[in-house]
Every structure is written in C-alpha cells, then in structure tokens.
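Okay, so here's the structure we're looking at.
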Amino acid sequence: MHPIGILLILLFTLAGPVAAQAPNPAPPPPPEAPVIPDAKTLAANYELSSAIGDRKCPVTLDVKPAGPGFTLVYDKALCLPLFAFLNETVAWVPGIAGSIRFVNAARRTVSEFTEGVGGRYEALRESDGVYFLANLQFVDPGEAPQFADLLGEWNLLRPAGPPICAVSLTDQATGEDTFVMTVKPGCDQSVTRFGPVSWLLDRGDIIWFSAKGERLRFGRQQEGGWAKVPDTPRPLLLARP
C-alpha cells in the first residue's frame, strides 16, 4: 500500500475514538419567564391625567374580577368625556415588569402604563398622546393617610343618609397583620351579617375584614372623605362622628 494511504488510515483510526468520546454540547438554558406582579400589589387609588395635566380623573384599581381582568372603578360621567379610550376599556390586568394594562373585552391592550418613578406610570398611545397614571399614596406622601390618624370612632353611612353603624378602629394587633375593630350595638343588619372584626391600612386604603376573611375596601376621596371601593352594588361612606 502506498505510504500516504497507510498514514491516512492511521489518522482516521486514531481520530475515531476521540470523536466518539467528545461530549455533546450542553443545551442552552430555557428563557426566563417574564415577571408579572400579583394584582394585589398594584390595587390602589390612582389619578389618570393627560400629559400636560389639563384633564384629570380619579380611578381605582380593584382586585374584584371583571370579565377579562380586574375591576376598574371611576366616575363614568366625569371621566369618559375626558379620556375617550376608556370607552374601549372594560378591565385592567398586571403586565410585564410591573406595568398596568387597560384591556378591552377580548383582553387586548387598550393602553399600557409602564412604571416610572415615584408611583407614576406612563402610557404612549399612537396617534393620541401621552397619559399618566399616578398612585395617590406615593405621589404626594405628605397627604397620605397615617395609621395614627385613623384610630378611633367612625360612622358607616349611605350617601345622603343617616349613620347605619358606629365602629371603633383600634391599634390592638390581631397577630395576623391586622388590628382589632369593634362594632357598636344597633348596627344595620347588612353590617352585622358581614361581621367586621379587624381592619388594616393598605396602600392608602382602609380595609375591613370579617371573621370569614371577607373584606370591604374604603378609598379616600379627593374631598377627604372615604367611600367603599367599588361602590357597587350599594355605595357606603365612612366619616367621623
């Protein structure tokens, strides 16, 4: 056999085992799933405004289910003439990286507010403009309700009606990150059926809890009062005696 042929046979013979022993390359790591926050971390009272602030509307992101997402509470008579895209919006959902999405009935995004700084979110709508969504708890911390200011006596009432229940919010801890509240005798049956036993200040809102874990959320209004969020099916107000 020709010497060159012998040399090639030797080279292939020696290379074969080495190639057979070469480890397979490790598969690439799977892509990380996008982080979408829990709705409870975003639920709060907000202010929706235009870029220059000439149009403003108070809105509340609630965790109550609504069609394709969660309930968006606002005064339709006030807000719809100011922000036309709310006519398409039926709910809100948490988005990637902490954004807030307003969605239509098909869960398609009507406007997406991306998180900025200081509790502010910004949305750019093509052929429309820039809009802001500001968490009222963080935008003006000097006016945020303080725990100590909420202690003491409160009346629960319906709009334009007399008090239907008197309660007291205390600073006595229950051991479950909530505080004891007492209900005075003579309350309306709707209140006694709910049976509030504890309360909590959560992202600027007052939340009542029943023994069964049910809750009522009250958000502070622009004029300083407190109203149940959402206000359906029956509005309720909290006020000092």
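For this structure, a couple of remarks:
- Scanning region 33-54 for residues that are in contact with a helix residue (DSSP H, G or I) (Cβ under 9 Å, 6 or more places away or on another chain) and surrounded by fewer than 18 Cβ atoms within 10 Å (Cβ to Cβ), we see that the one that is farthest from ARG108 (Cα to Cα) is THR41.
- Selection within region 208-217 - surrounded by fewer than 18 Cβ atoms within 10 Å (Cβ to Cβ) and touching a Phe, Trp or Tyr at 6+ places or on another chain (Cβ under 7 Å): SER210, GLU214, ARG215
- Residue in region 136-149 that is over 16 Å from ALA239 (Cα atoms), small (Gly, Ala, Ser), touching a residue at least 60 places away in the same chain (Cβ under 8 Å) and part of a loop (DSSP other than H, G, I, E, B) present: yes
- Checked against (1) modelled with pLDDT of 90 or more; (2) more than 19 Å from ALA43 (Cα to Cα); (3) out of contact with any Pro (no Cβ under 9 Å at 6 or more places or on another chain), PHE132 passes all but a single condition, namely (2).
- Matching entry among ARG234, ARG158, ARG193, ARG125 (being on the phi < 0 side of the Ramachandran plot, among the charged types (D, E, K, R), surrounded by fewer than 17 Cβ atoms within 10 Å (Cβ to Cβ) and in contact with a helix residue (DSSP H, G or I) (Cβ under 7 Å, 6 or more places away or on another chain)): ARG125
The values are calculated or read from the model by the stated rules, or taken from the named source; none is laboratory data. Because the structure is predicted, anything quoted here is derived from the model rather than measured. Glycine also receives a Cβ, built like all others from the backbone with ideal geometry; neighbour counts cover every protein chain displayed.
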